[in-house]
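**Q** So that we are looking at the same thing, I have put the structure below in structure tokens.
The values are calculated or read from the model by the stated rules, or taken from the named source; none is laboratory data. Computed from a predicted structure; not experimentally measured. Cβ placement follows ideal geometry from the backbone for every residue including glycine, while neighbour counts extend to all protein chains displayed.
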Amino acid sequence: MAPSRGVDWRLAWAVWMRNFTVYRRTWTLNILPNFFEPLLYLVGMGLGVGFYVREGMNGVSTYLAFIAPGLMAASAMNGASFEVTYNMFVKLHFAKTYDAFLSTPVQIEDIVMGELLWAVTRALIYGLAFLVILAGFTLAGTPMLSGPGALALPLALALIGTLFALIGQLFTSKVNTIDLYSYYFTLWLSPLFIFSNVFFPVDRFPYGAQIAWFTPLYHGVRLTRGLAQSRFGTEELVSAAWMIAVCAALLWIVPRTYRRRIIR
Amino acid sequence: MNENVIAARGLIKRYGTFTAVDGIDFDVHRGECFGFLGPNGAGKTSTMRMIYRAAAVDGGTLMILGWEAADGRHDRAIKARIGVVPQEDNLDQELSVRQNLEVFARFYKLPRPEAARRIDELLKLLRLEEKAHSRAEQLSGGLKRRTQIARGLLGTPEILVLDEPTTGLDPQARHDLWERLNALKRQQATLLLTTHYMDEAERLCDRLVVIDHGKIVAAGSPAELIARHVSPVVVEIELTDGAVPTEAEALKQHARRVEVLSDRLLLYADHGEQLIAQAAHLMPDRRALQRRTTLEDVFLRITGRRLEE
Ligand SMILES: Nc1ncnc2c1ncn2[C@@H]1O[C@H](COP(=O)(O)OP(=O)(O)O)[C@@H](O)[C@H]1O
Ligand SMILES: [Mg+2]
């Protein structure tokens, strides 16, 4: 594998700043949908479907409170994924944005890390919007968060964001056509969304939990659900460690795949 | 004393099994405008990309500002000292001219006050002050190119690489850009320029190489190349459907060399007056004109093809 050449974090930050400059132009327009989507799911699924659900919500009293942390994890996943899929592909292949960056002291490793930081920022924007709404519900008398563990949720969201940003970046480094992203979303992210304990315990299916254990969102959901209830036991610890380990491996692999792909 | 800022020996670029740059040698001196003249697909962009470290070197050596570039270990240092105006428009379309420059100022790690000062300076140099707040996507081709040049100069580079800077521009914008580039030349900037316009190469370049199919086929100053490869003047006679009229055969004896193109007969000579007079006598209804030879003729002489289609 091509050697990686080390990251200049100041330049990675400069890449982040470029994205922020573009985002800031329309940020008031961009930020609102981040609040609508959670509300839609919480009301539709939580209150709508939840009306018929009475059992199996291990520990929490309402279906609404059961699905809320998982939905928050999924929103962090989505926030990170958009940035490193369509957006990054366009900058790579159509707009030639990275070609321009690379003609300065910026190296491909700085770009990959800058985009990663930006994707995590987007994941946090999505996830924190969700968290604000959950806190609002809780204060209004519909408990969805309990105890100080909720304060660690931003960290969990950042970890989920990092994980999915790296997975998306790896995919983007491999694809040659933008059409393949529909598969990434429908055959990868959507199944994760459905089968990662967000809406129902996945052990409802034979080997469900065993298979899900090997997939990333399952751990994201387990961690956010635990923290929302201020629970940090073995399960949560294992899930955090699982995500950190996969992130570490991808942090090694991803910059190298980009160097090999770009500098030919 | 000619200090070499770039020295290439046996430089090679391959894409799979295809060799785009096939073992070329050249030196670029500090303070000169050095040109790469060649048709589309000759390998100009590939060579530029190796120089500004966007592409790997697949063979040979490439010294840039005293560093060996081929192994990639000094890329950051080299890139900090080379400004690039790429062939395609890769400005950030959603950002203003000024914002585009601000983004790059961070890449060159300019402290903020210095960045602001430098950006003002460059907007002025390239006559972009009035467009500073226009979004890149709203600019004309010429203004975009000027913005790219300002961007390329932001890091105060020792070498400015311009890949086909006037391709796609209208004649007015081309002349305007030539004027900007001449202003840079007067400030002793080292310019590296590719073009497939021979008049551009002749006008701007102190020295140049003619490149075709990845190989250098001629090198020197425009005047040297013309003196070495072609006679001083050429007489052009209009042809219809590539057929050389029998009357023209007589003229051929008076020319040093003859080229038959689809639409013109070219008669190379030391003096044209006699040929013109004879042509007017033998073929009064055909247009004939005399002109001084150019790099276009040099290219035709060496490759047997025309440079611009
Ligand atoms: N990334 C690439 N992959 C494969 N072939 C390429 C690539 N870039 C350029 N080429 C080929 O290499 C040759 C030289 O291209 P280029 O350096 O762009 O020439 P020029 O700039 O003189 O027009 C052309 O035949 C072109 O098709
Ligand atoms: Mg080119």
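**Q** Just name the residue that is farthest from ligand 2 (Cβ to nearest atom) out of those in the range B:34-51 that are within 14 Å of chain A (Cβ to nearest Cβ) and under 19 Å from B:THR166 (Cβ atoms).
**A** That would be B:MET48.
**Q** Ok, one more. For residues that are more than 16 Å from ligand 1 (Cβ to nearest atom) and under 15 Å from B:VAL209 (Cβ atoms), scanning just the range B:2-20, find the one that is nearest to the other protein chains (Cβ to nearest Cβ).
**A** For the range B:2-20, the residue satisfying everything is B:ILE6.
**Q** Quick one: which of A:ALA158, A:ALA100, A:ALA150 is over 26 Å from B:GLU102 (Cα atoms), in a helix (DSSP H, G or I) and either modelled with pLDDT under 95 or within 14 Å of another protein chain (Cβ to nearest Cβ) (or both)?
**A** Only one candidate qualifies: A:ALA150.
**Q** Between residues in the range B:182-202 that are assigned by TED's automatic domain parsing to the domain that holds B:ILE149 and among the acidic types (Asp, Glu) and residues that are within 14 Å of ligand 2 (Cβ to nearest atom) and not in a strand (DSSP E or B), which pairs lie under 7 Å by C-beta distance while being six or more apart or on different chains?
**A** B:GLU200/B:THR166
**Q** Filter the range A:11-69 down to the residues that are buried (at least 19 other Cβ atoms within 10 Å of the Cβ) and basic (Lys, Arg) and list them by number.
**A** Answer for the range A:11-69, where residues must be buried (at least 19 other Cβ atoms within 10 Å of the Cβ) and basic (Lys, Arg): just A:ARG18.
**Q** Turning to a different aspect of this structure: Got a number for residues in the range B:91-122 being more than 13 Å from A:ARG18 (Cα to Cα), facing another protein chain (nearest Cβ under 10 Å) and touching a residue at least 40 places away in the same chain (Cβ under 8 Å)?
**A** Final tally of qualifying residues: 1.
**Q** Of the residues in the range A:109-147, how many are within 30 Å of B:ALA55 (Cα to Cα) and either modelled with pLDDT under 95 or among the hydroxyl-bearing types (Ser, Thr, Tyr) (or both)?
**A** So the count comes out to 0.
**Q** Please give the number of the condition A:TYR181 fails out of (1) part of a helix (DSSP H, G or I); (2) more than 18 Å from A:LEU92 (Cβ to Cβ).
**A** The single condition A:TYR181 does not satisfy is (2).
**Q** Let me ask something else. Quick check on this structure: which one of B:THR156, B:THR190, B:THR194 is buried (at least 22 other Cβ atoms within 10 Å of the Cβ) and more than 16 Å from ligand 2 (Cβ to nearest atom)?
**A** B:THR190
**Q** Scan the helices (runs of 4 or more DSSP H) fully inside the range B:167-229 and keep the ones with 2 or more residues being modelled with pLDDT under 95 and within 16 Å of ligand 1 (Cβ to nearest atom).
**A** It comes to B:198-204.
**Q** One residue is enough: does the range B:140-152 have a residue meeting the conditions closer than 18 Å to B:GLY83 by Cα, among the small types (Gly, Ala, Ser) and surrounded by fewer than 22 Cβ atoms within 10 Å (Cβ to Cβ)?
**A** No, the range B:140-152 contains no residue that is closer than 18 Å to B:GLY83 by Cα, among the small types (Gly, Ala, Ser) and surrounded by fewer than 22 Cβ atoms within 10 Å (Cβ to Cβ).
**Q** Within the range B:21-44, track down each residue that is near ligand 1 (Cβ under 8 Å from one of its atoms) and β-branched (Val, Ile, Thr).
**A** If the condition is that a residue be near ligand 1 (Cβ under 8 Å from one of its atoms) and β-branched (Val, Ile, Thr), then B:VAL21 is the only one that fits.
**Q** Filter the range B:55-85 for residues that are facing chain A (nearest Cβ under 7 Å) and buried (at least 23 other Cβ atoms within 10 Å of the Cβ) and give the result.
**A** B:LYS79, B:VAL84
**Q** I'd like the residue in the range B:2-48 that is surrounded by fewer than 17 Cβ atoms within 10 Å (Cβ to Cβ) and on the phi > 0 side of the Ramachandran plot and, out of all such residues, is nearest to the chain's Cα centre (by Cα).
**A** B:GLY41
**Q** Now for a separate question. Of the residues A:LEU64, A:LEU92, A:LEU42, only one is within 14 Å of chain B (Cβ to nearest Cβ) and either more than 19 Å from the chain's Cα centre (by Cα) or closer than 26 Å to A:LEU163 by Cβ (or both); which?
**A** So the residue among A:LEU64, A:LEU92, A:LEU42 that is within 14 Å of chain B (Cβ to nearest Cβ) and either more than 19 Å from the chain's Cα centre (by Cα) or closer than 26 Å to A:LEU163 by Cβ (or both) is A:LEU92.
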